[in-house]
Structures are given as structure tokens and as C-alpha cells.
Amino acid sequence: MTTSDLENNELDEGSANGKATMRDIATHADVSLTTVSLVLNGRPGISAETRQRVMIAANELGYQGPVRR
């Protein structure tokens, strides 16, 4: 998934209905949307400190991931 895919897909629909989105996590953790995606998908290349910040933000916001159809 590319950055433009992340910016244009349904992962951002959640804000309107009260669900945390990847964008919400990025804002809360002060990181990019790409960084959030890498962390949530278990990809390498993110420092332990940043990974922890993203995971804490996701937990605090109650992020549950996208609904698979």
C-alpha cells in the first residue's frame, strides 16, 4: 500500500462515526501516516521509540483496524 493509497482509502472514514483512524493515530503520535502503516503492519525500519509511541496512541484512541469485507 502506498502513501497515496493510505490518504485516499476508507481508513479515514472512521473519524466521522467516532472510530479512531490511522490519521488520528498519526496526529496523536506526531508521525506520518506512512509510519503508522509500517508500525501497524509490523514492518521494519521504524525505531523502537517511534513504534512504541504509535502503539500507545493506537491503544489510547481505541484503534481497532479496518473492517474487512
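The values are calculated or read from the model by the stated rules, or taken from the named source; none is laboratory data. The shown structure was predicted, so the numbers you read here are calculated from the model rather than taken from an experiment. Every residue, glycine as well, gets a Cβ built from its backbone with ideal geometry; the counts of neighbours run over all protein chains shown. We work out accessible area using only protein heavy atoms, side chains counted, and drop any ligands, DNA or RNA first. Shrake-Rupley method; radii C 1.70, N 1.55, O 1.52, S 1.80 Å.
Looking only at residues in region 13-65 that are touching a residue at least 40 places away in the same chain (Cβ under 8 Å) and in contact with an Asp or Glu (Cβ under 7 Å, 6 or more places away or on another chain), the one that is least open to solvent (accessible area, probe 1.4 Å) is T21. Restricting the search to helices (runs of 4 or more DSSP H) fully inside the chain and requiring at least 1 residues that are at pLDDT below 95 gives 3-8.
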